[in-house]
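What follows is a set of notes on a single structure, which appears directly below.
The values are calculated or read from the model by the stated rules, or taken from the named source; none is laboratory data. Because the structure is a prediction, the values reported are computed rather than measured. Glycine also receives a Cβ, built like all others from the backbone with ideal geometry; neighbour counts cover every protein chain displayed. For the accessible areas, the whole protein counts, side chains as well, though only heavy atoms, and no ligand, DNA or RNA atoms are used. Shrake-Rupley method; radii C 1.70, N 1.55, O 1.52, S 1.80 Å.
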Amino acid sequence: MANILDGIKLSKQIKQEIKEEVSKFVEKGNRAPHLSAILVGENGASVTYVDNKIKDCQAVGFRSSLVRLPETISEEELLNEISKLNIDDSLDGFIVQLPLPKHIDQEKIIMAINPDKDVDGFHPENFGKMALEMDGFLPATPYGIMVMLERYNISTEGKDVVVIGRSRIVGKPMSILMSRKGNPGDSTVTLTHSKTKDLVEYTKKADIVITALGVPHFLKAEMIKDGAVIVDVGITRVDDSTKERGFYLAGDVDFSEVAAKASWITPVPGGVGPMTRAMLLKNTMQSYTNNIQ
Ligand code: NAD
C-alpha cells in the first residue's frame, strides 16, 4: 500500500512557517503582507475560492482586501480597477479570480496585471521566467506539487515523469518545472494530452505520473508500474445522491486500486488542493519580502 502525500498536514506546516515569519517582520515594526482579490460576479465556486483565500490570509496574519465587481462590468472598467491595484504601494500582490464573464477577454486581463504583483504567476513574464529558470512567481498548483515532492524527499533526478494534461495553469508549467535543473527537477518529462497516442505506453514506464485532466478515476492500476509516485491534481464533482451535498469530489486517479501498486500517492481531497492554497500565501510572502527590504 502506498504512502500518502498528505497535503493537509504539509500545508498546515507551511502556513505555520509563514505565520512565524510574518510575526517576526511585524514585531520589527513592519506592516503586514497584503493580498487583494478581484471577484467579478456571483459564481458560487469562485465566491468560495475567494472566501478561502481570505481565510488563509487571516490565519497567517496577512492583511487581505476584496474588490467585488458586478457581472456586468465592462472590460475597460475592469482594466481600470487593475491599474489602480498595479500601483497601490500598500499591496504586495493581487489575484483576479477566474473564470471571468464571457464578454471579458481573460488574456487581456492577465496581460494587464503588474508582473511584480502577479502572485498567481499567470502573467507571461512570470511564465517566461519560470521556463528560463529565473526568479519569479510560480503558478500555485505546480508550485505546491514541487514543494510537496521536496518536503517528502521524493527523488526526481533522472526519473521518467509523465504529466497528463497540458493546461496553462497546471500541466504545461508542471512539465517545465520537473525538467528544470535542481531538486525537485532534473527529470525526463513527457507531456501528454488528449491527442497522445498510446498514453499507457508512457504511463506504464513512468517513475512519477502527474494527472491533471479532470476525468474522474481515469488512471487505473494497470496503467502504472509497481512503485510509481502518483500525484493527482484532478478535482471533479460527481453527482451522488447518497451524499449530503449531493456530490463527491473525485480525482483523476482510481485511488484504491492505484494506491495498492504505487509507492506514494496524493489523496483527493487532501492532496494537491491544500498545497495550492498555501502557495498563494508563499508567493505573497515572497513579494512582501522583496518590497520591504
Ligand atoms: P483543463 O481542464 O484546462 O485541461 C484538461 C487537459 O487534459 C487538456 O490539456 C487535455 O488535453 C487533457 N486531457 C483531457 N482528456 C484527456 C485524455 N483522455 N487523455 C489525455 N489527456 C486528456 O485542465 P486543468 O485546468 O489543469 O484542470 C485539470 C483538473 O485539475 C480539473 O479536474 C481541475 O478541477 C483540477 N485542478 C485542480 C487544482 C488543485 O488545486 N488541486 C488546480 C487546478 C485544476
List the residue pairs whose Cβ atoms are under 8 Å apart, where the first residue sits in the stretch 57-75 and is more than 14 Å from MET285 (Cα to Cα), the second is open to solvent by 60 Å² or more (accessible area, probe 1.4 Å), and the two are 6 or more positions apart or on different chains. LEU69/GLU77; GLU71/GLU42; SER74/HIS103; GLU75/HIS103; GLU75/ASP105; GLU75/LYS108
Between a residue in the stretch 88-101 that is touching a residue at least 40 places away in the same chain (Cβ under 8 Å) and any residue that is among the small types (Gly, Ala, Ser) and outside any strand (DSSP E or B), which pairs come within a Cβ distance under 7 Å, given they are 6 or more apart or on different chains? ASP92/SER287; GLY93/SER287; GLN97/SER46; PRO101/GLY41
Which pairs turn up if I take residues in the stretch 20-32 that are over 11 Å from PHE62 (Cβ atoms) and look for partners that are open to solvent by less than 100 Å² (accessible area, probe 1.4 Å) with beta carbon separation below 6 Å, at least 6 apart in sequence or on another chain? ASN30/ILE292
Which condition number in (1) within 16 Å of the ligand (Cβ to nearest atom); (2) of a type outside the set (Gly, Ala, Ser); (3) on the phi > 0 side of the Ramachandran plot is the one that ASP186 fails? (1)
Limited to the stretch 138-184, what total is found for residues that are under 19 Å from ILE235 (Cβ atoms) and among the hydroxyl-bearing types (Ser, Thr, Tyr)? 3
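Restricting to strands (runs of 3 or more DSSP E) lying wholly in the stretch 176-293: which have 1 or more residues that are open to solvent by less than 40 Å² (accessible area, probe 1.4 Å) and small (Gly, Ala, Ser)? Even if it seems obvious, please write down each step before you answer.
Working: elements: 188-192, 208-211, 229-232, 236-239, 247-250.
Ranges flagged: 247-250.
Restricting to the stretch 107-119, name every residue that is under 16 Å from GLY136 (Cβ atoms) and open to solvent by 70 Å² or more (accessible area, probe 1.4 Å). Steps first, answer last, please.
First, the residues of the stretch 107-119 that are under 16 Å from GLY136 (Cβ atoms): 110-111, 113-119.
Answer for the stretch 107-119, where residues must be under 16 Å from GLY136 (Cβ atoms) and open to solvent by 70 Å² or more (accessible area, probe 1.4 Å): MET111, ASP116.
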Against the conditions (1) more than 10 Å from the ligand (Cβ to nearest atom); (2) within 30 Å of LYS117 (Cβ to Cβ); (3) in a helix (DSSP H, G or I), where does GLY136 fall short? Just the number, please. (3)
Restricting attention to the stretch 1-47, the residues that are basic (Lys, Arg) and over 19 Å from GLY273 (Cβ atoms) number exactly 4
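Let's see how each residue does on (1) more than 10 Å from the ligand (Cβ to nearest atom); (2) in the same structural domain as LEU149 (by TED's automatic domain parsing):
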| position | (1), (2) |
| --- | --- |
| LYS195 | no, yes |
| ILE230 | yes, yes |
| THR236 | no, yes |
| SER241 | yes, yes |
| LYS261 | yes, yes |
| GLN293 | yes, no |
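Among what's in the stretch 151-173 and is of a type in the set (Ser, Thr, Tyr) and more than 16 Å from the chain's Cα centre (by Cα), pick the residue that is farthest from the ligand (Cβ to nearest atom). Walk me through it before giving the result.
Step one: of the stretch 151-173, the residues of a type in the set (Ser, Thr, Tyr) are 152, 155-156, 167.
Keeping just the survivors that are more than 16 Å from the chain's Cα centre (by Cα) gives 152, 155-156.
Numbers: TYR152: 17, SER155: 23, THR156: 20 Å.
Of everything passing the filter in the stretch 151-173, SER155 is farthest from the ligand (Cβ to nearest atom).
Could you identify the single residue in GLY121, GLY144 that is touching a residue at least 24 places away in the same chain (Cβ under 8 Å) and either part of a loop (DSSP other than H, G, I, E, B) or touching a Gly at 6+ places or on another chain (Cβ under 7 Å) (or both)? Outline the logic, then answer.
On the way: GLY144 fails: either part of a loop (DSSP other than H, G, I, E, B) or touching a Gly at 6+ places or on another chain (Cβ under 7 Å) (or both).
Of GLY121, GLY144, the one residue that is touching a residue at least 24 places away in the same chain (Cβ under 8 Å) and either part of a loop (DSSP other than H, G, I, E, B) or touching a Gly at 6+ places or on another chain (Cβ under 7 Å) (or both) is GLY121.
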